[in-house]
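Notes to accompany the following structure.
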Amino acid sequence: MFTPSRLTLARKRRGKTLVDVAARIGVTAQSLSNIERGVQEPSLATLRALSSELRFPLSFFSRSDIELLDSSQVSFRARTRMTAKAREASLSSGVIAEEFYEWLESRYKTPDVQLPVIDPPADPEASAEHVRGAWSLGDTAPIVNMIHLLEAHGVAVFSLPPEYAEVDAFSFWRGSRPFVMLNTLKTAERSRFDAAHELGHLVMHGANGCGAGGRSLEKEANEFASAFLIPKAGLKQSTPKNLTTDRIISYKKKWKVSAMAMAYRLHQTGYLTDWIHRRMIVELGRLGFGKSEPEGISRESSLLLSKISESLRSRGSGIIHAARDLNIHPSDLNEIIFGIGVVSSNESEVSKSSSTGDDRKLRLIHSK
């Protein structure tokens, strides 16, 4: 049985248009469109060609119907810089992440969702204080690990495929489960801020606010992230009146944020005047903090996925078995689970198994 929505998902995941794929496999764009819409049944030869071109096992196209993610359901960062191809590919990765999480939930007890309900919506500063209080984080200490914190409160956190670096992060709800997808090519500090930013969307804007509101909601989420990661009370406890660039660099290490985010928060809370803030930004840029983060923190990763990977290996299994159950290649799963495993295969093996639906030659190795 052929499932049209699976073809659409696979095509969009590879960032290809109907015209592109049709030309590559030797059919008309109209014919391929009819296949995707369920109007026309593909021949086995066409299915094999699609499997090879899109690098999805043949068996993937006969799985159950799936609901694709629409941009109106999602809160995206970097919306203005994002191409349609990158957006659709990232959304498709989110759907695969959702399927994998369902696979996990059918085998493991996952954390319950414990996101505070902020209704009616409060301003970002108050919302950040509310979440910190609800999660017993206090108001003076840095967040140790944003990904672990989100996972502990029921948020499913995954990584974005590396080929679409222009997508910073996005979040969405599927039923009662919130999801966050993070860009792992950014500095660790900026990725932490993205995670806090998406948390802001989830608690302030909810499922109905995703994909709407544009810059105003982005501004609110940014302010939430800044207040959540660097609470006012924490600054008041330890920040002197006369701040230097060296002091800002020291503070950014303490709070595990970028130097620019640290300077912004100090300005926002009144510790830096407009003129001094502008001067600090110029100086920090000169020191290399504009595009990178010298002496940065270690990158955060998923604790939940690491533990499950270890559990699978202890049973003589591994992430490769999840990939087989989902009828996808291990490499496609590995890239959304923070590289917990490394696929030991070459492109010829992938292509061969794609056309036959057999991925037994792929092996997942735990990365040290």
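The values are calculated or read from the model by the stated rules, or taken from the named source; none is laboratory data. These numbers come from a predicted model, not from an experiment. Glycine also receives a Cβ, built like all others from the backbone with ideal geometry; neighbour counts cover every protein chain displayed.
Of note:
- For I118, the test of being part of a loop (DSSP other than H, G, I, E, B), within 21 Å of E220 (Cα to Cα) and among the aliphatic types (A, V, I, L, M) is passed.
- Test: residue in the range 55-72 that is out of contact with any Pro (no Cβ under 6 Å at 6 or more places or on another chain) and on the phi > 0 side of the Ramachandran plot: yes
- For N346, the conditions (1) surrounded by fewer than 13 Cβ atoms within 10 Å (Cβ to Cβ); (2) at pLDDT 80 or above; (3) closer than 25 Å to S159 by Cβ; (4) not acidic (D, E) are fulfilled apart from (2).
- Qualifying positions in the range 183-195 - under 12 Å from the mean Cα position of the chain (by Cα), of a type in the set (A, V, I, L, M, F, W, C) and closer than 20 Å to F172 by Cβ: A195
- Restricting R215, R192, R177 to residues that are surrounded by fewer than 22 Cβ atoms within 10 Å (Cβ to Cβ), of a type in the set (K, R) and farther than 21 Å from D112 by Cβ narrows the list to R215.
- Unique match (being under 25 Å from K236 (Cβ atoms), crowded, with 19+ Cβ neighbours inside 10 Å and out of contact with any Asp or Glu (no Cβ under 7 Å at 6 or more places or on another chain)) among L284, L305: L284
- Residues in the range 112-123 that are surrounded by fewer than 13 Cβ atoms within 10 Å (Cβ to Cβ) and under 20 Å from V155 (Cα atoms): D112, Q114, V117, D119.
- Matching option when the condition is part of a helix (DSSP H, G or I), modelled with pLDDT of 95 or more and either β-branched (V, I, T) or surrounded by 20 or more Cβ atoms within 10 Å (Cβ to Cβ) (or both), among I147, I143: I147
- Failed item, numbered, when Q237 is tested on (1) at pLDDT below 95; (2) in a loop (DSSP other than H, G, I, E, B): (2)
- Count of the range 164-176 residues which are out of contact with any strand residue (DSSP E or B) (no Cβ under 9 Å at 6 or more places or on another chain) and either under 18 Å from E335 (Cβ atoms) or in a strand (DSSP E or B) (or both): 3
- Test result for A126, hydrophobic (A, V, I, L, M, F, W, C), at pLDDT 95 or above, crowded, with 21+ Cβ neighbours inside 10 Å and in the same structural domain as D139 (by TED's automatic domain parsing): no
- Any chance V257 is buried (at least 23 other Cβ atoms within 10 Å of the Cβ) and either in the same structural domain as P142 (by TED's automatic domain parsing) or not in a loop (DSSP other than H, G, I, E, B) (or both): no
- Inclusion of S250 among residues that are in contact with a Lys or Arg (Cβ under 8 Å, 6 or more places away or on another chain), part of a helix (DSSP H, G or I) and of a type in the set (S, T, N, Q) is not warranted.
- Matching option when the condition is at pLDDT 95 or above, more than 13 Å from S75 (Cβ to Cβ) and not in a helix (DSSP H, G or I), among F179, F193, F158: F158
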